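Asker: Shown below is the structure under consideration.
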Amino acid sequence: PDAAKSAREAATHLRDREALEQSFAGRFGHLIEPAIAPLGFNWQIGLGLVSSLAAREVIVSTLIIVYGAGDAISEDDTSTLSDHLKRARRADDSPLFTLATSLSLLVFYVLALQCTSTLAIMRRETGSWKWPALQFVTMTGGAYLLSLIVYQTLRAFGIA
């Protein structure tokens with residue numbers, strides 16, 4: 001009976017993961033994946049980046065959801081987000097969260113303007129969308145460029 005219950009729970013977990021991938025959010029993540037893949041990111045990280053426009057810390061809860069870290073497959077499952085990220089794989093079955101990917105993500109977060117409330121305040125203070133838009137584009141573009149340089153340089157030196 002316990003084996004059958006575990007198999008049902010695992011099947012339900014897999015079905016939920018597939019449903020997430022086919023959801024609007026999952027499809028959007030796949031849509032932006034080609035643009036963020038050169039940074040070492042996949043669609044799940046992309047969803048985290050987009051959701052963190054509300055606030056930077058939202059990426060943690062987004063990654064918990066997209067990697068299923070909050071879903072206990074069994075009562076004995078005590079895995080954490082860190083455990084799930086360590087097990088995350090690319091399409092070629094190589095680890096996703098390598099030093100290069102992690103540093104690329106860190107550089108992106110340090111430099112990108114990720115908070116929409118900051119843009120809203122800037123809009124209110126300047127009376128125009130010109131400056132908030134310019135700041136968002138330049139900071140995000142700079143973050144993208146430096147993140148790209150970090151990831152691709154580390155990969156070129158075999159640190160992936």
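Asker: Which one of Phe97, Leu63, Met139 has its Cα pushed farthest toward the positive end of the charge dipole of the stretch 52-144, where Lys and Arg give +1 and Asp and Glu give -1 at the Cβ?
Answerer: Final value for the positive-end residue is Met139.
Asker: Another one. Taking a 1.4 Å probe, which of Val66, Val137 shows the most accessible area, and what order do the others take after it? If you can, show how the numbers build up before the last one.
Answerer: Working: Val66 10, Val137 95 Å².
The ordering from most to least exposed comes out as Val137, Val66.
Asker: Same structure again: Place the peptides 24-33, 82-91, 41-50 in order of packing, highest mean first, counting for every residue the other Cβ atoms within 10 Å and averaging per peptide.
Answerer: In decreasing order of mean packing, 24-33, 82-91, 41-50 become 41-50, 24-33, 82-91.
Asker: Next question, about the same structure. Ignoring everything but the protein chains, give the 1.4 Å probe accessible area of Glu21 in square angstrom, nearest 10.
Answerer: 70 Å²
The values are calculated or read from the model by the stated rules, or taken from the named source; none is laboratory data. Nothing here was measured: the structure is a model prediction, and the numbers come from that model. Virtual Cβ from ideal backbone geometry, glycine too; neighbours counted across all protein chains shown. Surface areas here come from the heavy atoms of the whole protein model, side chains and all, with no ligands, DNA or RNA. Shrake-Rupley method; radii C 1.70, N 1.55, O 1.52, S 1.80 Å.
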